[in-house]
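Take a look at the structure below.
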Amino acid sequence: MTFVLEHRQTGDTQVLGGWGYAWGALLGPVYLLAKGFLGLALVMIPISGLVFTVGGTMIVLMAFASPSAEVTTIVGFFLAALVFAVHGYLAVQLLRTGYLRQGYREGYY
């Protein structure tokens, strides 16, 4: 999902899409800080901790319950990808909220 945000007074446009999700997935709070949202970066820190703690716990529990190493590997990679996808999604949603609070509006072009 791509968000196109345009500032009402300045006409500045921000596009939150594929690379935003990738950077958000990998860097989370640092990505928000780099975009200029210190408060949202601080909010993202415990969210990141929660996402990776739950994801890591799921991977460990799955490894204990798995009957074979092959299943553990495949499902472990799937769960890790899911955890990073959720992390990226949450980072982009927080960034979107920050831009909306600064006076940007959503538009789809």
Can you tell me which of (1) without any contact (Cβ under 8 Å) to a residue 60 or more places away in the chain; (2) within 14 Å of Gly98 (Cα to Cα) is the one Glu6 doesn't meet? (1)
Hey, Leu82 hits all of (1) closer than 23 Å to Trp19 by Cβ; (2) surrounded by 15 or more Cβ atoms within 10 Å (Cβ to Cβ) but one; which does it fall short on? (2)
Boolean, Pro46 is modelled with pLDDT under 90, over 18 Å from Tyr99 (Cβ atoms) and out of contact with any helix residue (DSSP H, G or I) (no Cβ under 7 Å at 6 or more places or on another chain): no
Every residue in the stretch 62-71 that is touching a helix residue (DSSP H, G or I) at 6+ places or on another chain (Cβ under 8 Å) and either aromatic (Phe, Trp, Tyr) or within 19 Å of Phe52 (Cβ to Cβ) (or both), please. Met62, Ala63
If you scan the stretch 61-70, which residues turn out to be modelled with pLDDT of 90 or more and either surrounded by 13 or more Cβ atoms within 10 Å (Cβ to Cβ) or closer than 27 Å to Trp23 by Cβ (or both)? Met62, Ala63
Scan of the stretch 1-43 for residues that are modelled with pLDDT under 95, surrounded by fewer than 19 Cβ atoms within 10 Å (Cβ to Cβ), among the hydrophobic types (A, V, I, L, M, F, W, C) and over 14 Å from the mean Cα position of the chain (by Cα), ordered by number: Val4, Val15
Taking Phe52 as the residue in question, decide whether it is loosely packed, with under 12 Cβ neighbours inside 10 Å, of a type in the set (A, V, I, L, M, F, W, C) and modelled with pLDDT of 95 or more. no
For the subset of the stretch 19-59 comprising residues that are among the polar types (S, T, N, Q) and free of Cβ contacts under 8 Å to residues at least 24 places away in the same chain, which member is nearest to Phe77 (Cα to Cα)? Thr57
Selection over the stretch 85-109 where residues are in a helix (DSSP H, G or I) and under 18 Å from Tyr21 (Cα atoms) yields a count of 16
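The values are calculated or read from the model by the stated rules, or taken from the named source; none is laboratory data. None of the values given here were measured: they were computed from a predicted structure. As a convention, Cβ positions derive from the backbone with ideal geometry for all residues, glycine included, and neighbour counts pool all protein chains shown.
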